[in-house]
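Here you go, one structure.
The values are calculated or read from the model by the stated rules, or taken from the named source; none is laboratory data. Predicted model, so just to flag it, every value in this text is computed and none were measured. Don't worry about glycine lacking a Cβ; one is built from the backbone with ideal geometry, like all the others, and counts go over all protein chains shown.
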Amino acid sequence: MLRRQAKDFINIDPLQTGGKLTEEAKEALLEWGDGYSVCDFCQGRLDEIKNPPIYDFVHRELPEFLGCDVARITGGAREGMFAVMHALAKKDAWVVVDGNAHYSSYISAERAGLNIAEVPSTGHPDYLIKPEKFEEVIEETEKKGEIVLALITYPDGNYGNLPDARRIAEVCRARDIPLLVNGAYAVGRMPVKLKDIGADFIVGSGHKSMASSGPIGVLGMRGEWEETVLRRSSKYKNKEIELLGCTARGASLMTLIASFPTVKKRVERWNEEVEKARYFSSKMEEIGILQLGEKPHNHDLMFFSSEKLFEISKRAKDGRFFLYKELKNRRIHGIKPGLTRHFKLSTYGLSKEEIEYVLNAFREIIEKYEG
């Protein structure tokens, strides 16, 4: 039988902390796990299935949650980004993306045939994306050709920085450039509304941040973009082309719906998650493990740098894998094997006791090798 070696460990992997299934989602996973479980209720449009209540979720609950006019389910955040880029793409046109953007943002743009202009960050140690730099790159890029889209990663998946998305949206709006917010680590973890930001599109990740089995994502947009992004096939009149007619279904969708009541409630406790992250960061720095990125930090995802652990790896028996193995022995999962000098982690959803346990683990490991 296939089993996860890290089951029941304390999980600090940013990819997984926001995607842990609720008890309701675990039940839905068993109930709807068969490949045909949702499709046999479909009469041509996934989002129009009334029972199970997919229609209400997609057309009522999700738009309200995302603060948008129109929402759809996608195969993941990257599929949502690509759908928007492909729908807006023109020959020789450009997309402006922040320098902290996920690799899938670049690949989506390449696949859509767009040229890419990158807004550089401030670099070490903060790696911030400044609105004025965004504006500068837009001005430079407009001299090269038409910009059909701008993208801001909110927060980015490396440092957990939350840029001033509202100000960036103002910059884009002043030039009639639609803005896409990649909220893969925001939607489902923290309060975020498309219209509050002033952007045109937002994508989220169900398996990263909305307690879904996935892979699955959500896409929200202003109503003015519906006909462009959700245009329909000339032959199959009810099929939306950019979504290839149908997207995530079955267990991934039903676990997303099952977890949604819990997800809506937990975003209201976001301040508690930020406080825990800041506390964790401060205690890690006390033992010589430094947090890079925005300070004070405003997200659970954190990037750390440790010359101390790196130096230990040079003499430890297990070399650069020593940290992974030491944490595994303490039933802590989430830092990739081989990383010691730089690594990221997340405190999302951890109890205060679990946070103290993880902090003590790092203290013990350093004392073991330096004592």
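Quick check on this structure: which one of F322, F362, F343 is more than 28 Å from the chain's Cα centre (by Cα), surrounded by 20 or more Cβ atoms within 10 Å (Cβ to Cβ) and of a type in the set (F, W, Y)?
Testing whether each residue is more than 28 Å from the chain's Cα centre (by Cα), surrounded by 20 or more Cβ atoms within 10 Å (Cβ to Cβ) and of a type in the set (F, W, Y) leaves just F322.
Just the residues that are in a helix (DSSP H, G or I) and buried (at least 18 other Cβ atoms within 10 Å of the Cβ), please, taken from the stretch 327-340.
Once the filter is applied, which keeps residues that are in a helix (DSSP H, G or I) and buried (at least 18 other Cβ atoms within 10 Å of the Cβ), the stretch 327-340 yields only L327.
Then there's this: Among the listed residues K314, K295, identify the single one that is assigned to a loop (DSSP other than H, G, I, E, B), charged (D, E, K, R) and either over 21 Å from the mean Cα position of the chain (by Cα) or within 26 Å of A184 (Cα to Cα) (or both).
Matching residue, one of K314, K295: K295.
How many residues are part of a loop (DSSP other than H, G, I, E, B) and of a type in the set (A, V, I, L, M, F, W, C) if we restrict to the stretch 203-234?
Here the count works out to 4.
Taking the stretch 168-182, which residues are under 22 Å from G99 (Cβ atoms) and free of Cβ contacts under 8 Å to residues at least 40 places away in the same chain?
Those that are under 22 Å from G99 (Cβ atoms) and free of Cβ contacts under 8 Å to residues at least 40 places away in the same chain: I168, A169, E170, C172, R173, A174, R175, L179, V181.
Which condition does E31 not pass, out of (1) surrounded by 16 or more Cβ atoms within 10 Å (Cβ to Cβ); (2) in contact (Cβ under 8 Å) with a residue 24 or more places away in the chain, if it passes all the others?
Only one criterion in (1) surrounded by 16 or more Cβ atoms within 10 Å (Cβ to Cβ); (2) in contact (Cβ under 8 Å) with a residue 24 or more places away in the chain is unmet by E31, namely (1).
Quick test for you: out of M81, M85, pick the one residue that is farther than 16 Å from S205 by Cβ, crowded, with 24+ Cβ neighbours inside 10 Å and assigned by TED's automatic domain parsing to the domain that holds A112.
M85
All but one of (1) of a type outside the set (D, E); (2) in contact (Cβ under 8 Å) with a residue 40 or more places away in the chain; (3) out of contact with any strand residue (DSSP E or B) (no Cβ under 8 Å at 6 or more places or on another chain); (4) surrounded by 15 or more Cβ atoms within 10 Å (Cβ to Cβ) hold for P53; which doesn't?
(4)
Which residues, counting only those in the stretch 157-177, are more than 21 Å from the chain's Cα centre (by Cα) and crowded, with 19+ Cβ neighbours inside 10 Å?
Result: V171, C172, I177.
Would you pick out the residues in the stretch 96-150 that are among the polar types (S, T, N, Q), touching a strand residue (DSSP E or B) at 6+ places or on another chain (Cβ under 7 Å) and either assigned to a loop (DSSP other than H, G, I, E, B) or surrounded by fewer than 14 Cβ atoms within 10 Å (Cβ to Cβ) (or both)?
N100
Which condition breaks for V70 when tested against (1) surrounded by fewer than 18 Cβ atoms within 10 Å (Cβ to Cβ); (2) under 22 Å from the mean Cα position of the chain (by Cα)?
(1)
Test of understanding: among E31, E48, E27, E64, which residue is within 25 Å of G198 (Cβ to Cβ), in the same structural domain as F134 (by TED's automatic domain parsing) and not basic (K, R)?
Among E31, E48, E27, E64, only E64 is within 25 Å of G198 (Cβ to Cβ), in the same structural domain as F134 (by TED's automatic domain parsing) and not basic (K, R).
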